[in-house]
Protein chains: 2
Amino acid sequence: MSNVQLGLVGFGKIAHDQHLPAIAETANCQLVATADPYTSLQGLPGYQDMQEMLDAHPEINAVAICTPTHLRYTQARMALLQGKHVLLEKPPGATLSEVESLVTLAAEQGMSLFAAWHSRFAPGVAQARDWLRERQVQRVDIEWKEDVRVWHPGQPWIWQPGGMGVFDPGINALSIATTILPQPFFLRQGILQIPSNCQTPIAAELAFTDAQKASIKAHFDFRQTGPQTWDIHVKTDDGELSLTQGGGRLVINGEIIIDAEEREYVELYAHFVSLIDGQRSDVDISPLRHVADAFLYGHRETVDAFAE
Amino acid sequence: MSNVQLGLVGFGKIAHDQHLPAIAETANCQLVATADPYTSLQGLPGYQDMQEMLDAHPEINAVAICTPTHLRYTQARMALLQGKHVLLEKPPGATLSEVESLVTLAAEQGMSLFAAWHSRFAPGVAQARDWLRERQVQRVDIEWKEDVRVWHPGQPWIWQPGGMGVFDPGINALSIATTILPQPFFLRQGILQIPSNCQTPIAAELAFTDAQKASIKAHFDFRQTGPQTWDIHVKTDDGELSLTQGGGRLVINGEIIIDAEEREYVELYAHFVSLIDGQRSDVDISPLRHVADAFLYGHRETVDAFAE
């Protein structure tokens, strides 16, 4: 097995809350240092930027990039050019073109590039995919509704270009849907609701279809107070499936198949180590492509200004 | 050589003005019929829709799809499933995901799929590409400015989602830039100016870069009166190149290399016949991907309402 000596680039909320404990649980993966201009971890070498970290620790052979989206391309490119494997937090870039360019570079350099979609590692996703593979999908309802004030306090970047607004959580739903649905699907109609003081949508209604003309509806909303909803319901020619709680709970024809605590990032890091071990990459841009399609083809409506 | 028996699907302005004369000049390609609910050509069988045309003329082995963008996927899919080769006018679809899906289907069906970018067949493009291939690009200025009232009279679809606004001509510039520039490039910053009564931009300023940090600027404007501008200027480590008049005129280091009448669609159809002959497809989505990136990552500004 490879021994992964990891550098964490960007040590914000997601790196601290999710990456750190997951790395600690991952066999054959040691966290060597962090690179972040603002924070570091007590007891671990911390550097202002990635290059400083890589210069000080030539033993680092892989980096996990958790910086703001628009910085990721340059950092990933620098790391790949220096012969490091790269894990990209979701979304893998600010634009599709820059991600495509990294795929080419990783192949040229012989390094593993992993565009990580954490929701794909939720407990019920793999079994949902396997069950649906044999069936004809007729109708899909995706409801992804959460309270932006709870989940993104003090994060104005989410309302700026590249922040994606409600597609920041919505892309998680799309990363699951593109995994479990047996056919590719594409947008037929979309409505994006943009607060008058924001660049990105606070809510979206999307109608997709696939080659078999299934009706696939997604409703994303950032204004949900009270209980939060991260559910996907699928009706097929042979029964119904519900993947709820962000993928943690799987119910098929009324029977609870899985109801488990999520360990998404532990599974995600195990996959990264296995990619490095197998000298493979895993970059599926389809969730980000769906978001770009929605921005390209969706109808925009201006709604009330957002105040945090 | 293959004998292409062609059906024209969507017989609007572009089909009439460009496809029709080009097909007449193309060896081994005969126009059999048209499918359009509103118009037909005197002396040629005309049908209300594509399926009616294909049913009446089983000898048709290829279709050119020139319908409004949002209709193209369904028609292309139907044609591929019936064993017809397909040419898609630009842009090849309303979304990236539907174009990806057609690529897969064409390969499965063993049919040629051609996402046609007519500007790539402008007289100076091939030589500009060859000259730049050996050089290091330092700076690119793309100016694509035309009068929407002259070029798109009575075409409100251009201001609707999918119509792409100023990116309808701008994508031609992008289709040339992605051909002649030796490195892939990607958006770093974008400003989209949207009229207050429209869904799509009337002007755009885009700043791209490539892996060698070249500065690539594009300025698209639909409000240009008087002389029209379709120019690309490239500064390299070894001289300068100007591709102007939409690609018709090529000047290198002050010397006129090419100054020719455009025959874009004649070249385009010759390429389609050669693709069919070689059992190949040619689908480069990079121009549409750049537009989607601009919609995804560009900063929007509201400007004066547009009145035709």
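Readers should treat all values here as calculations from the given coordinates under stated rules, not as data from a laboratory. Computed from a predicted structure; not experimentally measured. Every residue, glycine as well, gets a Cβ built from its backbone with ideal geometry; the counts of neighbours run over all protein chains shown.
Some notes on this structure:
- Multiplying the residue separation of residue B:71 and residue B:56 by 0.36 nm and removing their Cα-Cα distance gives an extension gain of 3.3 nm.
- Per-pair calculated FRET efficiency, R0 = 35 Å: residue A:150 and residue A:27 via Cβ, rounded to 0.05: 0.55
- Taking the longest Cα principal axis of chain A as reference, the axis of helix A:264-277 is set at about 60 degrees.
- Helix A:69-81 axis, angle to chain A major axis (alpha carbon atoms, nearest 10°): 50 degrees
- Look at the dipole of the stretch B:1-159 built from charges on Cβ: of B:37, B:117, B:81, the Cα furthest out on the positive end belongs to B:117.
- Zone of residue B:104's modelled label, taken as backbone nitrogen in the stretch A:165-180 under 18 Å from a point 7 Å along Cα→Cβ: A:174-180
- The amide H of residue A:259, built 1.01 Å from its N in the peptide plane, has A:250 as neighbours under 5 Å, considering only residues 5 or more places off or on other chains.
- Karplus 3J(HN,Hα) series, Hz, for the stretch B:224-237 with 6.51 cos²θ - 1.76 cosθ + 1.60 (x for Gly, Pro): 6, 9, x, x, 9, 10, 9, 10, 10, 10, 10, 9, 10, 5
- Averaging 1/r over each pair of different alpha-carbon atoms in the protein assembly as shown and inverting the result gives 25.9 Å, the Kirkwood hydrodynamic radius.
- For the stretch A:1-34 versus the stretch A:254-308, the gap between their alpha-carbon centres in whole angstrom: 20 Å
- Antiparallel DSSP beta bridges within the protein assembly as shown, percent to nearest 5: 55 percent
- Residues residue A:238 and residue B:136, FRET efficiency given R0 of 56 Å [Cβ-Cβ distance, rounded to 0.05]: 0.40
- Stretched out straight at 0.36 nm per residue, the stretch from residue B:279 to residue B:127 would grow longer than its current Cα-Cα span by 52.1 nm.
- Look at B:265, A:269, B:38 and count the other Cβ atoms within 10 Å of each Cβ; fewest to most, that gives B:38, B:265, A:269.
- Across B:219, B:152, B:19, mean-square fluctuation computed from a Gaussian network of chain B (C-alpha pairs under 10 Å connected) peaks at B:152.
- Integer Hz, Karplus 6.51/-1.76/1.60 couplings in order for the stretch A:10-20, x for Gly and Pro: x, 10, x, 4, 5, 5, 5, 6, 10, 5, 4
- For the stretch B:20-109, relative contact order (Cα pairs under 8 Å, six or more residues apart, normalised by length) works out to 18 percent.
- Under a Gaussian network description of chain B, with springs only between Cα atoms under 10 Å, the residue in B:113, B:41, B:132 that fluctuates furthest is B:41.
- Among beta bridges identified by DSSP and lying wholly in chain A, the antiparallel ones come to about 55 percent.
- Between the amide H of residue B:189 and those of B:207, distances stay under 5 Å, these residues lying 5 or more places away or on another chain, with hydrogens modeled in the peptide plane.
- Each Lys and Arg adds +1 at its Cβ and each Asp and Glu adds -1 at its Cβ; summed about the Cα centre, the protein assembly as shown shows a dipole of about 60 debye.
- Estimated vicinal HN-Hα couplings, Hz - the stretch B:147-152 in sequence order (Karplus 6.51, -1.76, 1.60; Gly, Pro = x): 9, 4, 5, 7, 8, 9
- Fewest neighbouring Cβ atoms within 10 Å first, the residues A:104, A:69, A:26 line up as A:104, A:26, A:69.
- Take each residue of peptide B:96-104, count the partner chain Cβ atoms within 10 Å of its Cβ, and average: the result is 5.
- Result for chain B in a Gaussian network model with C-alpha springs under 10 Å: among B:79, B:56, B:177, the largest mean-square fluctuation is at B:56.
- Helix A:286-297 axis, angle to chain A major axis (alpha carbon atoms, nearest 10°): 60 degrees
- What the Cα convex hull of the stretch B:4-116 gives, in volume per residue, is 91 Å³.
- Annotation: amide H-H contacts under 5 Å for residue A:94 (H modelled 1.01 Å from N, sequence separation of 5 or more, or interchain): A:73.
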